Amino acid sequence: MPLPARTKVAIIGSGPAGYTAAIYTGRANLEPVLFEGGGAAVEPFTLPGGQLMITTEVENYPGFPKGVQGPELMELFKAQAERFGTNVFTADVTTVDLSDRPFRITSTEGELMAESLIIATGASAKWLGIPSEEKFKNFGLSACATCDGALFKGRDLAVVGGGDTAMEEATFLTRFSPKVTLIHRREEFRASKIMLDRARRNPRIELVTNAVVDEILGALPRPGVTGVRLRDTRDNSTREMAVGGVFVAIGHEPNSKLFTGLLDMDAAGYIKTLPGSTATKIPGVFACGDVADHVYRQAVTAAGTGCMAAIDAERFLAH
């Protein structure tokens, strides 16, 4: 189906936030157009299906007591959105003009004029950038302890990072792991004193400073990750450490570059919305999910704000 010339609601992004927004706007007979990403752009900024497409077992999404595979869950989201009239295009949005309504959205499938816009482009975890990283994703390497920690019950684990997120992830993982080693490249930590003290007091957490992960060790498909090779940042010496899983906690980057200079963002690039709303500073433009959430970053909270954005957009159009 060709891209229509005009729509009441355009949605950029196809994770839980984008598809939930599509379900709600579709049920309101707004016939939303959703750009799911994965088009022919040189650098696609959004992954079709969002971060759950690279997550194996999802055990904490309500309604799935036995768990569900991430890609399977997103296929269900997509099917439900399409059932209510969402037009999904496998395309990347390359530019947006928000200077006047209707908004002009240029994509790899063509141009679209939209009376309202819901931004649900998500965020991407920052990774270490070592060759073995791609190899072991979903095989013992993760960027979300809250999402995957329970899958590593009984294993010694490693967390890489030095900020509050790393401390929080390490502390959370001690619920499942007998020993969590937190690896940081410097002597000093960026984490707040209260988070650092909490980690230091936990008998299951060991802090290793002045070290970086040089390589992730293991075998595919099983047993997956079996250890890491650490390099000392002071003398470049290396040593191996046995662990059954590695969690990278060096931060997330919101997929908001498309809107730089157009919308208000915080220092990290997360889109700012009005308190208690998904509305941005531009009337008719709404942001939901991880692109506007640097705190929770969960599928269920993204879906919740996707619902909010849809209702906000519906009310905006009604008035």
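Computed from the coordinates by the stated procedures, all read-outs in this text should not be read as laboratory data. Owing to the predicted nature of the structure, the values given are computational and were not obtained by experimental measurement. Here Cβ is always computed from backbone atoms with ideal geometry, including for glycine, and neighbour counts include all displayed protein chains.
Numbers below:
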| item | result |
| --- | --- |
| Reach of LYS193 by Cα under 12 Å, taken over aspartates and glutamates that are not fewer than 8 positions away in the same chain | ASP164 |
| Longest to shortest principal axis, alpha-carbon extents of the range 215-319, angstrom | 64, 32, 21 |
| Exceeding the 21 Å Cα-Cα cut-off - candidates LYS8/LYS281; LYS126/LYS281; LYS66/LYS153; LYS78/LYS272 | LYS126/LYS281; LYS78/LYS272 |
| Label-to-label distance, nm, for residues given as LYS272 and GLN80 (7 Å Cα→Cβ offset) | 3.3 nm |
| Rg followed by Dmax, in Å, when the range 127-248 is reduced to its Cα trace | 13.3, 40 |
| Where labels lie 7 Å past Cα in the beta-carbon direction, separation of ASN138 and ARG27 in nm | 3.0 nm |
| Inverse of mean 1/r across different Cα pairs in the range 260-319, Kirkwood, Å | 11.7 Å |
| Solution diffusion estimate, µm²/s, Stokes-Einstein, the range 75-196, Kirkwood Rh from C-alpha pairs, 10 °C, viscosity 1.306 mPa s | 86 µm²/s |
| Within the chain, longest stretch clear of exposed GluC sites (Glu not before Pro) (DSSP loop, no more than 12 other Cβ within 10 Å) | 1-186 |
| Kirkwood Rh, angstrom, the chain [1 / mean 1/r, Cα pairs] | 20.6 Å |
| Separation of alpha-carbon centers, the range 70-93 and the range 137-182, rounded to whole Å | 31 Å |
